[in-house]
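See below for the structure under consideration.
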Amino acid sequence: MRLGSIINGQERNEKNRETLEVKNPYNQEIVAELALANITDLDEAVTNSFETFHSTMKKMPAHQRGDILRKAADLLEENAEDFAQTIVLEAGKPVKYSRDEITRSVQVIRFAAELAKNITGEVIPMDAAIGGENRMGFIKRIPLGVVGAITPFNFPLNLSLHKIAPAIAAGNTIVFKPAEKTPVSAYKLVKLFQQAGLPDGVLNLLMGTGEEVGSPLVEHEKVHKITFTGSLPVGRKIREAAGFKKVTLELGSNSPNIIFEDGNIQRAVTELVKGAFAFSGQVCISAQRIYVQKSIYGRFLEQFIMETKALTIGDPTKEETDIGPMIKVEEAERAKLWIDDAVKNGAKIEVGGNRNGAILSPTIMTNVEHTMKIVSEEVFAPIVSVIPFDNEDEVIRVANDSIYGLQAGVFTKDIDRAIRVADQLEMGGVWINEISTYRQDNHPYGGVKQSGIGKEGIKYAIEDMTEMKFIGIKLMPKE
Ligand SMILES: NC(=O)c1ccc[n+]([C@@H]2O[C@H](COP(=O)([O-])OP(=O)(O)OC[C@H]3O[C@@H](n4cnc5c(N)ncnc54)[C@H](O)[C@@H]3O)[C@@H](O)[C@H]2O)c1
Ligand SMILES: O=C[C@H](O)CS(=O)(=O)O
């Protein structure tokens, strides 16, 4: 399969283009060959999106945008299994998790379809100001223009849709630069939107690397907003290069989960096994740090180890597989080095710690220090640290001891304590009696500190993808 960029409805995959192979992370088989975009394609894609915004999208009524989105959701639902298998092959994501991603993606488009028809403004009480009598003022929300969407490999469909669907709902055009590691689902998605009736040029696709295509997209003067999901180092570069453009950054984290002695231990264990190891920990809100109150630490750890040992490791195409490969062998090697480094400094491997090619076995670490990389940096691998704590004040302090702040989980039956702790955690979101890794696609989602800027969650992405326009009227007296 040879895939090219799609600009104004036309695919660019001529034979003389530079190419990049997309390999199955599990068996290294070639999944696709990418015909890469160059700087001329980038400029043409942005210019075409800019023109399409003015010629087409600005005039498209909300009901039509809603209908296209609704059709796209139906098409995705009809083709769910094909998309799931695509993600298994390009990302190595176990098939049950790939299917979950498609189910969520369909919902994301449906949320956007509903919201497309409900983008409302506000009436301002103009007479609240002295001299404001006989004036009327209201706010309309208007689209921005061209949105540059840059996405990561780990949820190649759902996180792309968290940008594309609200952008269409709001009436923008999009230049979409998916992760070069997982571009096949992105290609199929753009084709699906064509089939759903989205006019050419509204969603242009650029196949290429971050350096060659992502970076010039961020700098292009006809792009009005960059919405990026990915790593902190790239997020930093984008923030610096974006100039006056609006920017949404959804970055990494080392999410904490806090289990108080009165929490439901069994539920916490079962959910945290999933939350720490699903997709080999390559989830931005993966449970990386688990703080357990000392009185229940031994019981929690024993149960956690037992359920982790029961995970099935191997071929991501198999229904029973829980843990497949990481995205690249180099990533598994990097994670293993971080484990070795922690062990050298006194940490203990309770279970796991073995690498076989791109597969790293689910690893539980204890005796860790906050200075170790497996605790303080985003590990983005199936590695979790279980850390005892004495009391509420201490655990809030250590949980907040991070450059990140995306989501946290707190387990307790004491509602007063739950709210007290939630209030003090420096996070974009806190779940009570739920793990940090749980995300519902309609709640505001996005980090504080170096986990990011801005929020997604369709409604909130639409807010960030529209501009307020104030219109005032001076009412004239009857002549
Ligand atoms: N907060 C969230 O919602 C969220 C969700 C998923 C993933 N993530 C984060 O994403 C990271 C993993 O994904 P990844 O490895 O694909 O991330 P990455 O930062 O390496 O790449 C993400 C995208 O950025 C592009 N890119 C790379 N360099 C660029 C540059 N200089 N300019 C513009 N674009 C550039 C890449 O080609 C890719 O499309 C983790 O850090 C994870 O926490 C965050
Ligand atoms: O990887 C981070 C993602 O935001 C997780 S999810 O797709 O939103 O659940």
Amide H of LEU203: which non-local residues (sequence gap of 5 or more, or other chain) have their own amide H closer than 5 Å, using H built in the peptide plane?
ILE174
Provide the per residue accessible area, probe 1.4 Å, for the chain, rounded to a whole number of square angstrom.
42
Contact order relative to length of the stretch 1-41, as percent, for alpha carbon pairs under 8 angstrom and 6 or more apart:
45
Förster radius 22 Å - calculated FRET efficiency between GLU319 and ASN354, Cβ distance, rounded to 0.05:
0.40
Between ASN433 and ASN8, with labels modelled 7 Å along Cα→Cβ, what's the label distance in nm to one decimal, could you check?
5.7
If amide H atoms are modeled at 1.01 Å from N in the peptide plane, then the residues at a separation of 5 or more from VAL410, or on another chain, having amide H under 5 Å from its own are ILE258, TRP431, ILE432, ASN433, GLU434
Roughly what % of DSSP beta bridges within the chain run antiparallel, to the nearest 5?
45
Amide H contacts of VAL351 (H built 1.01 Å from N, under 5 Å, at least 5 apart or other chain):
ILE364
Say each of ASP390 and VAL329 gets a label point 7 Å from the Cα, pointing the same way as Cα to Cβ; how far apart are those two points in nm?
4.9
What pairs in LYS71/LYS274; LYS93/LYS188; LYS328/LYS373; LYS23/LYS459; LYS225/LYS274 have C-alpha atoms more than 24 Å from each other?
LYS71/LYS274; LYS23/LYS459; LYS225/LYS274
Going 7 Å from the Cα of SER295 in the Cα-to-Cβ direction, what parts of the stretch 240-274 have a backbone nitrogen less than 20 Å from that spot?
258-269
Please tell me the relative contact order of the stretch 100-242 in percent, rounded to the nearest whole number, where contacts are Cα pairs under 8 Å and at least six residues apart.
25
Residue among GLY4, GLY447, PHE193 farthest towards the positive dipole end of the chain, charges placed on Cβ
PHE193
Residues in the stretch 448-479 that a label on ASN134 would reach, taking backbone N under 15 Å of a point 7 Å out along Cα→Cβ
473-479
Full-extension gain in nm, ASP401 to GLU18, via 0.36 nm per residue minus C-alpha separation:
133.4 nm
With a 1.4 Å probe and every protein chain kept in, tell me what percent of the accessible surface of the stretch 73-159 is carbon plus sulfur.
54
For the chain, what is the relative contact order in percent, using Cα pairs closer than 8 Å and at least 6 residues apart in sequence?
18
Calculated FRET efficiency, LYS309 and LYS344, Cβ-Cβ r, R0 25 Å, to nearest 0.05?
0.50
Full-extension gain between LYS474 and GLU211, please, as 0.36 nm times their residue separation minus the C-alpha to C-alpha distance.
89.6 nm
Can you work out ³J(HN,Hα) from phi for every residue in the stretch 303-314, in order, using Karplus 6.51 cos²θ - 1.76 cosθ + 1.60 and θ = phi - 60°, giving whole Hz and x for Gly and Pro?
5, 5, 5, 4, 6, 5, 5, 7, 5, 9, 10, x
If packing is taken as the average count of other Cβ atoms within 10 Å, what order do 462-468, 148-154 fall into, highest mean first?
148-154, 462-468
How big is the charge dipole of the stretch 1-151 about its Cα centre, in debye rounded to the nearest 20, if each Lys and Arg gets +1 on its Cβ and each Asp and Glu gets -1 on its Cβ?
400
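The values are calculated or read from the model by the stated rules, or taken from the named source; none is laboratory data. All values derive from a computational prediction rather than experimental measurement. Neighbour counts are summed over all protein chains in view; Cβ atoms, including those assigned to glycine, are modelled from backbone coordinates with ideal geometry. For accessibility, only protein heavy atoms count, side chains too; no ligands or nucleic acids. Shrake-Rupley method; radii C 1.70, N 1.55, O 1.52, S 1.80 Å.
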